[in-house]
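Scroll down for the structure; my scribbles are underneath it.
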Amino acid sequence: MGASLAAAARARNICREVTGWDADQAVVSQALALGHIDRGIDSLSAGVQQADVLVLAVPVLALADIIDQLGTLDSAGKIITDLGSCKEILEAAARQDGGFPLAGFVPGHPLAGSEKSGCTAASAALYEGCRVILSPLPETAPPARALVLSLWEKLGAVQVLEMPAVNHDQVLAFTSHLPHVLAFCMMLALDKDATPDEVWCCGAGALDDLTRVAASSPVMWHDILVSNREAVLAAVDSFSREFDFFRRAIAAGDSQALLRLMGRASDLRRHLSKPSDSKTFNQCVSRTRGTHSTMVHYKASPAGALAGKIRVPGDKSISHRALILGALAEGESCIDGLLESEDVYSTLHALRNLGVSITEPDQGSVKVDGLGAGGLKPPCAPLDMGNAGTAMRLLIGVLAAQGFDATLTGDASLSSRPMGRVVDPLRQMGAHIETAARDLPPVRIQGGHSLQGIDYTLPIPSAQVKSCLLLAGLQARGRTRIMEPVRSRNHTELMLASFGYNPERADSVLEVGEHVRLKATRISIPSDLSSAAFFLVAATIAPGSELVIEGVGVNPSRTGVLDILQLMGADIVLENTRQMGCEPVADLRVRATRLKGIKIPERLVPLAIDELPVLCIAAACAEGETVLTGAAELRVKESDRLDAMGSGLRMLGVSVEMRQDGLRIQGEPGRHVFSGGTVDSRGDHRIAMAFAVASLRARDRLRILNCACVATSFPGFVELACSTGFDLDTTDDSNDCE
C-alpha cells in the first residue's frame, strides 16, 4: 500500500520529492531500486525533519508504536495521515500521546488493495478510481484536512468521503473484515471436506468470488481482526444469526421462509449494484463531502424582477411519513412525488437496513414492500440518519416497540439536537432508551419491551413529537391520547387514514388504539410549501415580480406562512385548488408589493415554524417593526435559528433586537435593505436559502457560507432560483468568498 502510494506520487509528479523510511533498511533499498521513491532515509527523526507530509504505511498493530515515536520528535506543523483499515485504535493512540500533533492528523483509509504485499507488488495505478474514507479528529485543522483530500484526488481517487472513526470501524467490520473471515473459513471447510482436485474441477465462479481474498496476508489480517475485534465480533454474530435462519429453513424444508430470505437478500444486493450510478449512493457522498470535505458557498448578487411558472420539490415532511408508514403497512405501497433529498434518502436507507424492500426512486416514484409493524428486521449496524431530525424522531417511536435493539446516529448537526422531547414520553410508555448527555444522539433503544398507552399533553406544539407518539401508540397496549393545546401539522393523521386507520379526534385530543394494522396504498405527495416559501417572499420583495408556483400543498396546519405574509400585505392568490389524495393542493400566484411590519400572532408560529427564517427577510423589507415571539423552538433546529437570523441580519445592517423566544426587526422599505457582506448559514439549509432571498434587496453581493446543507431539503435550489431571475452561484472554494 505504501509503496504503491509512493510510486503513484512520483508517477503523477504531485510533490517535490518522495522519501521512504522503514525500520528494515533492506526494504528502503528495495523501494529505491524499484524506483518507487526518490531517496531513502536512514532514521525516522531525519524523515520527520525533512518531510512536509508523513504517510504511515505500516501494519495496524505497529501504528501505535510509530505514533509514540512521532510524539517524541519535533512533528509540530507536520501533516500526518495513514492507510490503515482500523481507526479507533489509531485515534486512541494519538490522543494518549501528549506530544502527537492532533491538528495535523488526518487518518485515512483507501478502499483499494491486493492479495499480494511488499514493494515488489506495488502499483502506481492502485488508487486510480478508488474511494477513500478520511476520519479527521475534531482537533484536525482545516488546512490539514484539505491537503490530504487534495492528495488523494491527485493520486486518482474518484471519491473522498469523511466518516468518524467509530462509524468507519463498524461499517468496515461488515463490508471488509467479515468477508475476509468468511473467506478464510470457507477455505478451511473445503480443506476438510473436499480434495484439491475436486475443488479445482467443480469449483464455480461463486467459489472464486467468495474465497479470492483468503489469499491475503495472514499477518495483516491478524492485526486488523485483533484491532477491530469488538466490531468484527458484532458482525460475526449478526452473520451467525442470519446463517442460523437459513439453516433452520433448509432443515425444515420451509420453502416460504427460504424464498423470503433469499428474496430480501437479492433485493438488497440489487441496491448495491453500480453504486456510482445510484442516486442513494451519490446523495450519501454529497452529504458526507458537503458537510466536511468540500465546503459549498453561495455568491448572491442583487437582481431584478422575478418571473415564471415553477414547481418546487415534493414535501419533505410528507415524504418521510410516506416511507415510514409504507414500511409499517402490509403489502406494496406506491409513492409519487417523493422528495429526492439527502434527508429523505436517510430515511430510505434506514428502512432498508430494517429489512424493508424499497425500489430506487425514479423521478419521485418509489414502491415500498411493507412488512407490517411487527415485521421489521434487526439492523446490522447503527442507523445513520444524517441530518434528518424528523426521521430520527419518528423512527424512535417506531423502534421503541420492536423486539430488537437499535441505535440511531446522525451527523454533527443532528448530534447537537436534543431528543428528550420524544424520549421522555416514550419512557413513560415503557420504552428502554439511552442517549448521550443532555438527551443528544446517538439514541440506543433496547428492544423487547412492550409499550403501554398513555395520556400525554404536549408541552409545546410539535408535529414531530406528536407523530412519534402516534407511531408508538399504534403498537402499544391500550389507548394513547395526545393533548395538543395548540394544533400542529397533521400530516401523520391524514396519512394514517390513507393507510386504512382513522385516529380519533375530539377538540384538542388525538387518540389511537392498540396494535393497529395498516394496509398498503398509493400516496401522492404535493410540492413543499416550506420550499415554496422562499419564492413567495422573493417575489414579494423584488419589485415588479410575478411568479406562479404550481401544485403546492396548502394543508391548513401548514399555511401559517401564507397567513403571516397576507397579514403583512403580501399579494398571494390560491388558484386551481384541488385535492391530492388526503392533502389539499393549489397553485400560488404571488406579485410584488410593499409589506408592513406586524406582531406575528403566536397561534400562527407553530404553523410556520420552518418558514420563520425567510419571514425574517420579509420583515426586514417591511415598513415598520415586526415582532416575533413564542418561537423558542427555533433554537433547537438544525442550528439556533433565532441567533443565526438575528446575527446575520445585523451583519447586513438591519436593526434587530434578539430575545429568548423571538426577534424584534425594524424594517426598511427602501430599495437596498441589506448591505453587502458575508454571513454564515451555520450549516442550516433554511438559513442559507433565506439569505439567498435577501440578496434581491441588497446593495452589494452577499457571500453565504456553508451551503452544502441545502441538498438536505431542496436539491436543485440554485438552478431553480436562477431560472426565475436570481443572480446566484456556488463555489466550493472559501477563497472565492472574500
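Just so it is clear, none of the values below were taken in a lab; they were calculated from the coordinates. Bear in mind the structure is a predicted one, so any value in this text is a computation, not a measurement. Here the Cβ positions follow ideal geometry from the backbone for every residue, glycine too, while neighbour counts run over all protein chains shown.
With n ≥ 4 as the cut-off for DSSP H runs, can you work out [θ] at 222 nm for the chain, using -39500 (n - 2.57) per run divided by the number of residues, rounded to the nearest 500? Before the final figure, lay out each step's value.
Working: 26 runs with 285 residues, N = 738.
Calculated at 222 nm, the ellipticity per residue is -11500 deg cm²/dmol.
Suppose we look only past 16 Å in the calculated P(r) of the range 625-738. What percent of the Cα-Cα pairs does that tail hold?
61
What's the angle, to the nearest 10 degrees (0 to 90), between helix 342-353's Cα axis and the longest principal axis of the chain?
It is inclined by approximately 60 degrees.
Compute the FRET efficiency between GLN579 and LEU233 as 1/(1 + (r/R0)^6), taking r as their Cβ-Cβ distance and R0 = 45 Å, and round to the nearest 0.05.
Rounded to the nearest 0.05, the efficiency is 0.25.
Counting only DSSP beta bridges with both residues in the chain, tell me the antiparallel percent, nearest 5. Before the final figure, lay out each step's value.
Working: 58 of 92 bridges.
The antiparallel fraction comes to roughly 65 percent.
Over the range 2-163, what is the relative contact order in percent, taking alpha-carbon pairs closer than 8 angstrom and at least six residues apart?
With pairs under 8 Å counted, the relative contact order is 23 percent.
Evaluate the Debye formula for the range 12-74 with equal point scatterers sitting on the alpha carbons, no solvent, and hand back log10 of I(q)/I(0) at q = 0.12, 0.21, 0.28 Å⁻¹, in q order, two decimals.
Once normalised to I(0) and log-transformed, intensities are -0.30, -0.92, -1.36.
Please grab the % of Cα pairs in the chain that end up more than 45 Å from each other. Intermediate results must be reported in sequence, preceding the final value.
Values: 82525 of 271953 pairs.
Roughly 30 percent, rounded to a whole number.
For the range 316-524, what Kirkwood radius comes out of the mean inverse Cα-Cα distance, in Å? Display every interim value, and only then the final one.
On the way: mean 1/r = 0.0599 Å⁻¹.
Roughly 16.7 Å, rounded to one decimal.
What does the convex hull of the Cα atoms come to per residue for the range 499-623, in Å³?
On the way: hull volume 14.5 nm³, N = 125.
Normalising the Cα hull of the range 499-623 by residue number yields 116 Å³.
Tell me whether the range 516-574 comes out rounded, prolate or oblate; compute the Cα gyration tensor, take square roots of the eigenvalues as a ≥ b ≥ c, and use a/c under 1.5 as the rounded threshold. Spell out each step's value before the answer.
Working: a/c = 3.79, a/b = 2.28, b/c = 1.66.
In terms of gyration-tensor shape, prolate.
So how much slack lies between THR195 and SER365, counting 0.36 nm per residue of separation and subtracting their Cα-Cα distance, in nm? Mind dumping the intermediate values first?
Numbers: separation 170, 0.36 × 170 = 61.20 nm, distance 5.16 nm.
Answer, rounded to one decimal: 56.0 nm.
Wrap a convex hull around the Cα atoms of the range 170-253, take a quarter of its surface area, and give that in square nanometres. Present the calculation step by step, with values, prior to reporting the outcome.
On the way: hull surface 26.2 nm².
Its average projected convex-hull area is 6.5 nm².
Using only the Cα atoms of the range 300-383, what do you get for the radius of gyration and for Dmax, in Å?
Computed over the Cα atoms of the range 300-383, radius of gyration and Dmax are 16.3, 56 Å.
Alpha carbon centre of the range 110-167 versus the range 383-433: separation in Å?
Cα centroid of the range 110-167 versus Cα centroid of the range 383-433: 33 Å apart.
Specify the angular offset, from 0 to 90 degrees and rounded to the nearest 10, of the alpha carbon long axis of helix 463-473 from the longest principal axis of the alpha carbons in the chain.
Approximately 70 degrees, to the nearest ten.
If you average over every viewing direction, what projected area does the convex hull of the Cα atoms of the range 2-163 give, in nm²? Write down the numbers at each step before the final one.
Values: hull surface 33.6 nm².
Directional mean of the projected Cα hull area for the range 2-163 stands at 8.4 nm².
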